[in-house]
Amino acid sequence: MITQAESGLSVGDYNDLVSGNYPYKYKVLARKWNIGTPTELRTNSFGPTEGGKTKLFSAYYNGSTWGFAIGAPAGSFRVNTAIPPHVIWDSANSVFQRLYVDTSTGALKYANRAAGSNLSISALADAGTYNFPSGNQQTLYTDNESYTPSGPAYTSTPAIAGGWTLADLFNPANPNPTSFYRGNSFSPATAVVQTTFSSAVSNCYKVKITSRDWTGLSGTKYSSRMIRNFDIETTTDAVNWVTALQVRKETNWGPKESRYYDIPLGNYRGVRLKIKNTNGSANIEIGKVQFVTRTSTTVNSVEYLAGTSWDYVFYAYRDFSKNSWNLRYLRRTGSMGSTFTDYNTGIYFQRPILSMDGCYNSTANEHVLAINMVETGSVVYKAEGAKAVPYVSQKSSTYTIKFSPQASGNPLVPSWLNPVDIVNPASSYKNREGVGINFINGMYMLTLRSYDANEYNLGTTVVSADNGTSQVFYSGYTSYKLYTSKDGVFWSNGYKIPTVYIGNLGVTPSIGWGAKPFLVGNEIQAHFHANFVDNKGYNSIIGFKFASSVMTGTYLTPTDITDEILEYSVDKSEFFSSSITLDNTSGAFTNHAVINDSSVAYLEHYHGIQRGPGDDVYILIGKTLVESISKIKSLDSSLVSITSRDLLALATDYTISEDAYYANSQRVFYDNYSDVTDSGYGGLAHTAKHKGALTAENGFLQSPDNVQCIAFSTFATDFRDFLVENWTYSHQGDKYGFIFKALDPKNYFFFEIEDIATANTVTCKLYYKRKNSYTLLNTWASVSLSDTQYRRYYSCFAGRFLFMTGTDFVLPGSDIRSFDLIPINSSSFYPDIGSIGFEITNVNVSEDTYTDENGVPATLPPGQVM
Amino acid sequence: MTVLMTNLRVSDASLPLTVYDACRIGFAFAGLHDVVRENIISGTGTNPFGTVLDVVDYVLEGDYTGSAFSTTYSSDLSGTEDNVTVNQASASGSDGHTYSHPFLSYFPIPPASKYKVSYRLLRMSNDPSTLTLLNASLFVNGLLRGSTSFTRIVGGLAVDFNPGESFIYGSGSNQFTPFMTEFAEWFTIDPGESPIGGINRLLEGRYINFYVRFDGSVYLFRARNRSSVKTYALDDIESESFVISKDNRVIKTHIRVLGAYVYDDYKDEALSNQYGYRFVEYNNPYLMSVAECRKEAERYVRYSNESSLSASIDVNFLPTLEPEDRITVDGVDYVINGYSVDYTQPQATANISLRGYGYE
């Protein structure tokens, strides 16, 4: 029943409508539904010196005028981490403010200009500076695989006879490892090949060994001739040699395959290989041996800015020491500059952010960040030569986080991740980038640049008519996608925006940043800065706009088709549908702007009464999409017949998922290790033993005395954020703890509790175990823990691990231990998802002797697209 | 030494996905963002409930208003601790057990926020006697704040979130439990499938239906008691005959619903006395509790009785009527299946298709 309140009518009008005392009338209004092909937008407002072919761009629209900003070239930053400036509208001062990060100082700078003026870094003097908190400048190490970066002369020392030539082996001028080092007979049992330099090669920390190119030859044979067991020795004085690494059982080399071997960081005068004759081959063949050095650069670790309003500027801060991305924001508490207050949202991601944008919803009083970030999957394998190499699979996913304000002056409080678009990490040909978001017409609109191409559609070369340059575009399946949501939580499928033709470049240009949607009048516009220079030598701001349509909530004045209706009927059961016959004698519907057979029309059906001349009362009874149009012509008449169906058709027919879509509920598990099967094994039904004779007896998971035990829960294997409680009874001298984010039995985090000999006190340690080697991350000594506090609480959330203890029915109070993941200095990524389990060591973890020669390698390279 | 461990309780930070939420996901996927719900219960205040629900897995949602447990925080949110108390109650009131539990401490609770408390039965066995653990998780603005468990269940549950305890001072308002409150373990849409395919898979075996209302919102509903919104006398009917049909073949009097682990029956003795004993068994692996199975069985029985009676009338169109409205025709209650209207200005004659009304 449509109630009086829902009808929007007054009580009197509503009562008259349902009274049945007046003649009936109906009214049908038509609007345009679909957005159609976007129209190109282009400006030539920026001179050739302003930013070059930069990717940095930001726009803001204050309701009447645009503000634009072009940022600095990306060279000062790491690839993909150049910070786009953000332009926001300062309504208090009626100026646009441009925010950007100074690449040399790491400070946030801002400038302003009155509405109607464009902004650019070179054209506008800075009006103020906000210095981010200290520590935002970080040292980044870059590998240099040159043999001798500083170019010292080398000498080689053949250590064995037989006509071997070492020149090519260490020759930096011969980088192609097609040259090789050959011995016709391998003798003696241990051979040494070495080279020394005239001066030290500094900052060496790896040795790279590359096999020769035997492509076209018998691969198996040449693979077996590659070194298998060898020691790497280094020297700092070209006299004394020190063993840096012992390597054993290296097999399955592919042609021109490079492998890296870590050595202590140092300044070396030489490197040599001591080769053990245990590979069964008379010949040894090596392509090339190189030192890998590293160079350090200072980079800014503020990687993304997203101004959601004049008062709030969110930014993503990369902590290189922890490999985490921390979401923070600046809140303006006065005028610009020194009155910014820096807040930590408390959110740390262990996976890289790829793009970020934000907006403010004044109705709900919430800031919404859209974050396009790496989606790490499980370990997958990729063939490299004859070897299957594990990778942490990686794609991009897009989420929103809603931030709600507290009382004035207190930090915003986040929601958790609301998925918008998750790209399956196993997909090799899909990805998303450049997120943009805005709140328009009561709806969140989010855009992503979408790669849905496969290998046959990649790499179309298009020559620009603007300047004659060639560029490669991902044609065919590359487009922008538009996602909508009313609440920022539940999102629509990505609606592929029809290809935007910019000049004759063909498709959406390759840009690094998203096309943030704006409401301009009745149209949706999206602007971005093209990564090309037009025929005038200018950088162009380009973009596209949609015509007004119901789909995007931008309405034009509807067309009233009531007077042309000859026959009209509606049907309402599972669907609301209508059948209308229109009089087209006048030709009004021959090329009608809305009712035509080349687009979709949207009808609003009103039912009403006529109380008197000009005194009509209507109530909306349905909204439909036109599904079919028939034109019926005869000698004396011209009719157009249309049928339409309500918006449920969007869910039944017009939206089809391209990919498998999956959402799961909160997972809640419990295990009391009770053997309900009475079989002696049922108590371990949800626990997978990996090591040690764990048993489940009398409702307890038990370990034998002084034996290392490892077990994993089989409830799920993909926990990222979790809350775990268990009851543990231990004794002084016991060492045990909690495993989380386990990729496999040799790679996981381990929180160890050592019940030391002091009463009511334990020592806690956090390790990361990689390839069976435990790295101590943190130690907490003298943690108070009485014998009655047998409850253990472990949680991981927003990149933080939390440990608490407590007794039954008593708040786990004073023994909270909290720390951020991952507090270690490493250039490696750690998994942020995995299984949970328990480890009872009762021995020092360094004494762990479990080995598996065919195990996971020492490093798990992230981000390899499979 | 020997280390003993037990009572492992694990929850992740995903939002509890009710059937209602899962439907919202599916419809939002198609761009239909307005989904209208009805509630089992709703109320205002800190402790408005006492209703014993017929499901054991459910959510309670509402608005929290008050002063958070702390009003000042450093920019680095860490090291604080808070808790919320959840009361377990029987139909006659609290049984006196109050359980405290840890909550994630990183984030304060905003003074105005949306909360959602999920209550889920932890099922570790098909032995009903072991189904004795109930997990409660609190989400504030979509963020998991904590989780705890009750070790026993006292009859039916009337559990609510009481924000007036301990460190959280304030009150709840606009609290509700939607009709589609039971949990969907997952929601999927296959490649090449429309969202309605996923929704139908989700709703399979549950008597939940939906249509798009006048304003474009999706109305999800379950048959239930409702008031008659319109009464027609025989004089109001414009056609020459008022056709009423009764098809006794579709009536079932005893239905057993087999859930994932459990099953239950619903028998209508009065109906059985009228039409004889008619048993049927349905398999619905999505149902996780005895109460859900019993409720679905009851809905099947009632619907079979409703659909056995059908009628059709021609009347002047009342534009405010919608499908599933209860109306009264010649003293008998019906439910509107649908209508069709032919307009000839200034006439609008509707043919309304009806089925029986199966509730008291």
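Bear in mind these aren't lab numbers, they're just calculated from the coordinates by the rules spelled out. Just so it is clear, the structure is predicted and the values come from calculations on it, not from any experiment. Because the Cβ atoms are built from the backbone with ideal geometry, glycine has one as well, and the counts that use them run over all protein chains shown.
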Legend entry - Phi-based couplings in Hz for segment A:203-208 (Karplus 6.51, -1.76, 1.60; Gly and Pro marked x): 6, 7, 8, 8, 10, 10
Legend entry - At R0 = 25 Å, FRET efficiency that the Cβ-Cβ distance of B:E269 and B:R226 yields, to 0.05: 0.55
Legend entry - FRET efficiency for B:D247 and B:W186, using Cβ-Cβ distance with R0 set to 56 Å, rounded to 0.05: 0.90
Legend entry - A:I756-A:S64 pseudo-label distance in nm [points 7 Å out on the Cα-to-Cβ vector]: 7.0
Legend entry - Paramagnetic reach from B:D215 in segment B:306-331 [backbone N under 19 Å; point 7 Å along Cα→Cβ]: B:319-325
Inset, instruction - Set the Förster distance to 60 Å, then compute FRET efficiency between A:N144 and B:T328 from the Cβ-Cβ distance, nearest 0.05. - result: 0.10
Inset, instruction - Indicate, rounded to the nearest 5 percent, the antiparallel portion of the DSSP beta bridges found entirely in segment B:244-337. - result: 70
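Of A:I629, A:I609, how do they rank once you tally other Cβ atoms within 10 Å and put the fewest first?
On the way: A:I629 18, A:I609 23.
Listed from fewest to most nearby Cβ atoms, that is A:I629, A:I609.
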Inset, instruction - Rank these for me by crowding, A:E574, A:E303, going from fewest to most other beta carbons within 10 Å. - result: A:E574, A:E303
Legend entry - Eligible lysines near A:K430 by straight Cα distance, threshold 16 Å, same-chain separation 8 or greater: A:K395, A:K481, A:K496
Legend entry - Least to most buried among A:K32, A:K689, A:K109, A:K249 (fewest other Cβ within 10 Å first): A:K249, A:K689, A:K109, A:K32
Legend entry - Exercise: per-residue mean of other protein chain Cβ atoms within 10 Å, A:789-799: 4
Legend entry - Environment charge at A:M226 (Cβ cut-off 9 Å; Lys +1, Arg +1, Asp -1, Glu -1): 0
Legend entry - Protection proxy ranking of B:224-234, A:586-596 - average other beta-carbon atoms within 10 Å, highest first: A:586-596, B:224-234
Legend entry - Distance between modelled label sites at B:K114 and A:S782, nm, 7 Å Cα→Cβ extension: 4.8
Legend entry - Local net charge near A:V368, Cβ-Cβ under 11 Å (Lys/Arg +1, Asp/Glu -1): -2
Inset, instruction - Treat every Asp and Glu Cβ in segment A:742-799 as -1 and every Lys and Arg Cβ as +1, leave all other atoms uncharged, and give the resulting dipole magnitude about the Cα centre to the nearest 20 debye. - result: 300
Inset, instruction - May I ask you to compute the full-extension gain from A:L566 to A:D342, defined as 0.36 nm times their residue separation minus their alpha-carbon distance, rounded to one decimal in nm? - result: 74.0 nm
Legend entry - Cα-projected label distance for A:S641 with A:N365, points at 7 Å along beta-carbon direction, nm: 5.6
Legend entry - Whole-Å distance, taken between Cα centres, linking segment A:191-215 and segment A:683-757: 44
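What is the sum of charges, Lys and Arg at +1 and Asp and Glu at -1, for the other residues whose Cβ falls under 11 Å from the Cβ of A:S577?
Neighbour charge sum, excluding A:S577 itself: -2.
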Legend entry - Chain lengthening between A:S586 and A:T236 when straightened (0.36 nm per residue, less Cα-Cα): 116.4 nm
Legend entry - Inverse of mean 1/r across different Cα pairs in segment A:615-766, Kirkwood, Å: 22.0
Legend entry - Placed amide H near A:E366: partners under 5 Å, 5+ positions off or other chain: A:N361
Inset, instruction - Tell me which residues come under 5 Å, amide H to amide H, from A:V302 once H is placed; ignore anything under 5 positions away on its chain. - result: A:R318
Inset, instruction - For A:S638, enumerate residues with amide H under 5 Å from its amide H, sequence gap 5+ or separate chain, H modeled in the peptide plane. - result: A:N584, A:T585
Inset, instruction - Report the paramagnetic label zone for A:N522: residues of segment A:580-604 whose backbone N is under 14 Å from a point 7 Å from Cα along the Cα-to-Cβ axis. - result: A:593-595, A:602
Inset, instruction - Enumerate the lysines that A:K572 could reach by cross-link, defined here as Cα to Cα under 26 Å, with residues fewer than 8 away along the same chain left out. - result: A:K25, A:K27, A:K32, A:K623, A:K631, B:K230, B:K246
